[in-house]
Amino acid sequence: MTGSSLRLARVYGVMFGLVLLAAPGWAGKFNKPVPDWGLEAAKTKTPENAKDAAAVILFDEYVETVDDKGRATERERKAIRILKPQGRGNGCDVSFDVDEKVNYFRVWTIGPDEKQYPAQETDFVDEGDTSVPIMLSTRKYRVAHPPAADVGAVIICESEELMAPYMPEKIWSIQNGIPVAFEALEVDLPAGHPYSEAWHRYPAVKPVEVTPNHWRWEIREMPALDLRDVTSHPEWAALSARMSVQWGDAAVTGKDNQWRAIGEWVTKLEADRPAPTPEITAKVQELIAGGPDFYTKLSRITESIQKDIRYFVVSRGISGLQANHASDIFRNRYGDCKDKTTLVISMLQVAGIHAFYVPVDDRRDVVDPDDPSLVGDHMITAIEIPADVQDARLQAIVKAKDGKRYLIFDPTNEHTAVGNLPSYEQGGYGILSAGAASQVIELPVLAPEANGTERKGEFALTPDGALTGAMDTEHSGPAGGDLRGFLKYTDQKKQREEWESMVAGDVPGVVLDSFDFVQPSALDKPLEFHYKLTAKQYAHQAGPLLLVRPRVVGSDVLPSMDKTGKPRTVPIDLQATGHWHDSYDIQLPDGYVVDEMPDPVNVDTDFASYHSAISAKGKVLHYERDYKLIQVELPAEKASEFRHLEGMILADEKATVVLKKE
């Protein structure tokens, strides 16, 4: 969500946080003057670090007032100066749902001439929740479009919201897509109520106790997080600074204790949801009948959920957090990520296998082991592996502190087999929600062999440079899963267009003469793709010479080169571990022999290996290469080493063989 904030903590496949209830007159009276705090904020000078920004937040203050039952009322005051025409889109909004209430929401504009323009009723628009494409959600957003929002103007916003009674946490986003001159957070707690705090990508700030058990944190001149022209970077939400405050059961000392308390909260919230019914029990017994081993039983159950339970979200208040009962999910044949996990836990329970909820974020590094919090956007499953089970097909395994092994499985991803794990989740963190054994866990990074593509091609080259031939490819692991998803949601016409366009990136003017996808029903088997192609101008004439590129199809270069020329300051997202192997034979045209060939390429680092070689035997030109990535992310200080690798790969992919006439 580049350019946005973590103002809403995203959990369980839907966003939650400022969930509010619309009420008549909630925008307040429209002709009140700008309050004194707004007039003072508007006098703030634009800080030096904002001179080139489109807008700057001059003042942003949250006050959380928590009652004896742990329910918070949140007041926000905000002032934004527009510095360029592009900054006009910066403004204010609140969100609302069935469990919360907006007490008031008011907006003004102070023009460069200091004239005040109160926002009128027509300047507010209600918008639906479009954060998930397949969703029925009762949440809406009240968005203000301030009048006279021109360059030099200051937008003043203030609101007060009664928060959800079940949310004992504030996620304070302290970094935005534009600079912030001053920001503050206050948490006013009842006497004797503790709090805990944690920081993500920002050093901890010591609070001031304003009154007994009323705490205030202040930050000045926070720079914008600008990732324009920074390629292969982690998600914006993973890099932006934030702070989490807990005042509920997780308000304990020590990160391990905080994570355990959060996991226990999730465990209690979902406690009765997975209870199996007679119908679920009968289905499981049917599925596992005759299953000779643990993996067979496991895969039969998980594949049935992946294939038969449609992903669909219905979010209403706390249902954005709490799963439906397994009985309803099984009967309706649909559910969101937490629902699918609930059904997995339920069905495995019938089979005598223990499984647990794992809140995560499908954007790597958003969940931070040093920042105990419910921040996240997804739910997956941890399946306990019995001590006597040793099966090479179960690759996505983590070990908990007590020595128990858990297989991490995402039932929402219907194309990646149990035992494997989608690449975007590898290397992240999640909360193993197992009661008193709850803890933060690092999601596994799988070996290269768990994901990748094998390409084989046989081609013939004519004297005028035309190339014809056949390609056979195998796609395994998440790579195969992605292709299965592509096939599910496209028809044959679209498949031809998409694949022909992709191949044309390597072979201009290519035409697919035929193509055939072979998709095994078992998710742990590779998906095959066979196609024939023709390219009329593949090789290039250079007088009596013919220049041909032996690497016909398939590029493994990431867009890693930063365009700014500045030193790299953020990690490099490699996307996935994997193993890619190419083997191409090109039959040379009559009357031509090889004159010059590029040297072999051999690069070995602690995060990757790349080897390629070109050879000629008789009238056949052979190209072979092997590429392995063993990490999903690199620290910024590895940038030069990674650029070298990418440069070598790019040079190899473009390398040509010179043919001459005999």
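The values are calculated or read from the model by the stated rules, or taken from the named source; none is laboratory data. The structure displayed is predicted, hence computed values, not measured ones. FYI the Cβ positions are ideal-geometry reconstructions off the backbone, even for glycines, and counts take in every protein chain you see. The area values use the complete protein model at the heavy-atom level, side chains included, leaving out ligands, DNA and RNA. Shrake-Rupley method; radii C 1.70, N 1.55, O 1.52, S 1.80 Å.
In the stretch 73-124, what residues are of a type in the set (Gly, Ala, Ser) and touching a Phe, Trp or Tyr at 6+ places or on another chain (Cβ under 9 Å)? Within the stretch 73-124, Ala79, Ser95, Gly111, Ala119 qualify. Only one of Thr73, Thr65, Thr44 is assigned to a loop (DSSP other than H, G, I, E, B), open to solvent by 10 Å² or more (accessible area, probe 1.4 Å) and among the hydroxyl-bearing types (Ser, Thr, Tyr); which? Checking each option against the conditions leaves just Thr44. For Asp339, the criteria (1) charged (D, E, K, R); (2) surrounded by fewer than 18 Cβ atoms within 10 Å (Cβ to Cβ); (3) in contact with a helix residue (DSSP H, G or I) (Cβ under 8 Å, 6 or more places away or on another chain) hold in every case but one, which is (2). The single condition from (1) surrounded by fewer than 22 Cβ atoms within 10 Å (Cβ to Cβ); (2) free of Cβ contacts under 8 Å to residues at least 40 places away in the same chain that Lys283 fails is (2). Of the strands (runs of 3 or more DSSP E) lying entirely inside the stretch 148-222, those containing at least 1 residues that are out of contact with any helix residue (DSSP H, G or I) (no Cβ under 6 Å at 6 or more places or on another chain) and under 24 Å from Asn257 (Cβ atoms) are 169-173, 180-188, 196-200, 208-211, 214-222.
Residues in the stretch 602-615: is at least one farther than 14 Å from Met471 by Cβ and touching a Ser or Thr at 6+ places or on another chain (Cβ under 6 Å)? No, there is no match, as no residue in the stretch 602-615 is farther than 14 Å from Met471 by Cβ and touching a Ser or Thr at 6+ places or on another chain (Cβ under 6 Å). Would you be able to say whether some residue in the stretch 319-330 is closer than 28 Å to Ser173 by Cβ and in a helix (DSSP H, G or I)? Yes, some residue in the stretch 319-330 is closer than 28 Å to Ser173 by Cβ and in a helix (DSSP H, G or I).
So for the stretch 324-336 (the condition being within 26 Å of Val440 (Cα to Cα), open to solvent by less than 60 Å² (accessible area, probe 1.4 Å) and modelled with pLDDT under 95), does at least one residue qualify? Yes, the stretch 324-336 contains a residue that is within 26 Å of Val440 (Cα to Cα), open to solvent by less than 60 Å² (accessible area, probe 1.4 Å) and modelled with pLDDT under 95. Pairs only if they're at least six apart or on different chains, beta carbon under 7 angstrom, first in the stretch 589-603 and part of a loop (DSSP other than H, G, I, E, B), second surrounded by fewer than 11 Cβ atoms within 10 Å (Cβ to Cβ); list them, first residue then second. From residues that are part of a loop (DSSP other than H, G, I, E, B), the pairs are Gly591/Glu662. Would you please name the residue that is modelled with the lowest pLDDT, looking only at residues in the stretch 136-147 that are part of a strand (DSSP E or B) and touching a helix residue (DSSP H, G or I) at 6+ places or on another chain (Cβ under 9 Å)? Residue satisfying both the conditions and the ranking: Ser137. Count of the stretch 554-588 residues, restricted to those that are modelled with pLDDT under 95 and under 23 Å from Val620 (Cα atoms), is 2. Considering the stretch 523-561, the residues that are open to solvent by 10 Å² or more (accessible area, probe 1.4 Å), outside any loop (DSSP other than H, G, I, E, B) and of a type in the set (A, V, I, L, M) include one that is nearest to Leu483 (Cα to Cα), namely Leu547. If you filter the stretch 615-632 down to residues that are of a type in the set (D, E, K, R) and modelled with pLDDT of 95 or more, you find that the one that is farthest from Lys566 (Cα to Cα) is Glu624. Inspection of the stretch 205-220 identifies no residue that is open to solvent by less than 20 Å² (accessible area, probe 1.4 Å), at pLDDT below 95 and not β-branched (Val, Ile, Thr). Of the residues examined, Gln426 is not one that is surrounded by fewer than 21 Cβ atoms within 10 Å (Cβ to Cβ), closer than 30 Å to Lys255 by Cβ and polar (S, T, N, Q). Checking each residue in the stretch 428-449 for being under 20 Å from the mean Cα position of the chain (by Cα) and of a type in the set (Gly, Ala, Ser) picks out Gly428, Gly430. Residue pairs whose Cβ atoms lie under 9 Å apart, separated by 6 or more positions or on different chains, with the first residue in the stretch 79-91 and buried (at least 20 other Cβ atoms within 10 Å of the Cβ) and the second assigned to a strand (DSSP E or B) and at pLDDT below 95, are Gly91/Val143; Gly91/Ala144. For the stretch 107-127, a residue qualifies if it is assigned to a strand (DSSP E or B) and open to solvent by less than 40 Å² (accessible area, probe 1.4 Å), and the qualifying residues are Val107, Trp108, Thr109, Ile110, Pro118, Phe124. In the stretch 152-162, the condition of being in contact with a strand residue (DSSP E or B) (Cβ under 6 Å, 6 or more places away or on another chain), open to solvent by less than 40 Å² (accessible area, probe 1.4 Å) and of a type in the set (S, T, N, Q) is met by at least one residue.
Tally the residues that are surrounded by fewer than 19 Cβ atoms within 10 Å (Cβ to Cβ) and assigned to a strand (DSSP E or B), restricting the search to the stretch 608-662. Looking only at that region, the number is 13. Within the stretch 153-175, residues that are under 24 Å from Leu225 (Cα atoms) have Cβ atoms under 6 Å from residues that are of a type in the set (Lys, Arg) and part of a loop (DSSP other than H, G, I, E, B) in these pairs: Ser173/Arg7, counting only partners at least 6 apart in sequence or on another chain. Against the numbered list (1) touching a Lys or Arg at 6+ places or on another chain (Cβ under 8 Å); (2) of a type in the set (A, V, I, L, M); (3) at pLDDT below 95, Met167 comes up short only at (1).
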